[in-house]
1. With respect to residue A:188, determine if the residue is at pLDDT 90 or above and loosely packed, with under 13 Cβ neighbours inside 10 Å.
2. So, residue B:75, is that one at the interface with chain A (Cβ under 9 Å from one of its Cβ atoms), surrounded by 23 or more Cβ atoms within 10 Å (Cβ to Cβ) and within 30 Å of residue A:63 (Cα to Cα) or not?
3. Criterion first (surrounded by 14 or more Cβ atoms within 10 Å (Cβ to Cβ), within 30 Å of residue A:79 (Cβ to Cβ) and either at pLDDT 85 or above or more than 14 Å from chain A (Cβ to nearest Cβ) (or both)) does residue B:106 satisfy it?
4. How many residues does region A:20-45 hold that are modelled with pLDDT under 95 and buried (at least 22 other Cβ atoms within 10 Å of the Cβ)?
5. Just to be sure before I move on: is residue A:75 modelled with pLDDT of 95 or more, under 22 Å from residue A:10 (Cα atoms) and touching a strand residue (DSSP E or B) at 6+ places or on another chain (Cβ under 7 Å) in the structure I sent?
6. Taking residue A:48 as the residue in question, decide whether it is in a loop (DSSP other than H, G, I, E, B), at positive phi and at pLDDT 95 or above.
7. Go through the residues of region A:112-134 one by one and say whether even a single one is within 18 Å of residue A:17 (Cα to Cα), modelled with pLDDT of 90 or more and within 14 Å of chain B (Cβ to nearest Cβ).
8. If you scan region A:17-51, which residues turn out to be over 13 Å from the mean Cα position of the chain (by Cα) and under 24 Å from residue B:89 (Cβ atoms)?
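The values are calculated or read from the model by the stated rules, or taken from the named source; none is laboratory data. What you are looking at is a predicted structure, and each value in this text was computed from that prediction instead of being measured. Cβ placement follows ideal geometry from the backbone for every residue including glycine, while neighbour counts extend to all protein chains displayed.
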């Protein structure tokens, strides 16, 4: 469904929406499911600033990442009304900005729930954040865990999107490494 | 706090955020609290379209209104997590877009709750929608109720913002008409 670019791999921009810290991660995922870190960062806005200025700052930061790295697709964490009431509206507004940037640039966008991300990355939907971060670091061959957590979450979201069908190929197309097999199992587990 | 433009009146853009129908209303409110309709309309997006395309369409529609009518300030209805669960996230995302447009154009923005709007327009916070619409039509000297309801709500929001302090002057600056006195009482009621 999502086109694989002429790079031969799928470039996914993952966005963990937030007003104070909006995590941003870009990865290239090859047809054999191996992945490479392209960019990771956080777009911040000051809680003391007016909401309209904060959202404009986040939009500018996200546009800069899109224009610098040209993703094929944007994956945004899905926000639920029942979670974390005091900040959920700001998170929802930031997620709207993230999706808007995709729409304005003509990029397809998808949303994934935190459980989908955890299942895709670790094999089970109730994994804790640290397990997810450790797996992200291993897959991307990073020497340490990406920080802050919002940045790691954005990378996890991007990997999740690619592995859940964005650019994945079946196991029949070539032998999987043990780690790739574990991820494939995790993905199948997430679909059950 | 909100600057009164060189027009001598305050031009307020009210936005009733929504994904399928986003109400938009522009009014000029004079220092004597009298008001004039400048523009009213609805920005629509198709529920069958991808969310990123819908948000981009809403953003383009709102930018067109801002660029055509040059408001001094933008007033957006405040969205609560506990209301109307199934659509609240889309409404929150649309409200984020509305606030973003204000921020990108350097315009101050404010949010008002539905109760604040009802109290400012009719004198009590639990007024029904039809009472609010009838009062909006009377204040703006419209021959009929603005339709759809989202458009009327946007006008009510704009009037509420101006009357709650955006451009209001005290009664000492001149005699109030009976209707204006009623609105002043309503506004004081809302502040209690």
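1. For residue A:188, the condition - at pLDDT 90 or above and loosely packed, with under 13 Cβ neighbours inside 10 Å - is not met.
2. no
3. no
4. Residues flagged as modelled with pLDDT under 95 and buried (at least 22 other Cβ atoms within 10 Å of the Cβ) within region A:20-45 amount to 1.
5. On the way: modelled with pLDDT of 95 or more: yes; under 22 Å from residue A:10 (Cα atoms): yes; touching a strand residue (DSSP E or B) at 6+ places or on another chain (Cβ under 7 Å): yes.
Yes; evaluated as a whole, the condition is true for this residue.
6. The answer is no for residue A:48.
7. Checked region A:112-134: at least one residue is within 18 Å of residue A:17 (Cα to Cα), modelled with pLDDT of 90 or more and within 14 Å of chain B (Cβ to nearest Cβ).
8. A:18, A:19, A:20, A:21, A:43, A:44, A:45, A:47, A:49, A:50, A:51 - these are the residues of region A:17-51 that are over 13 Å from the mean Cα position of the chain (by Cα) and under 24 Å from residue B:89 (Cβ atoms).
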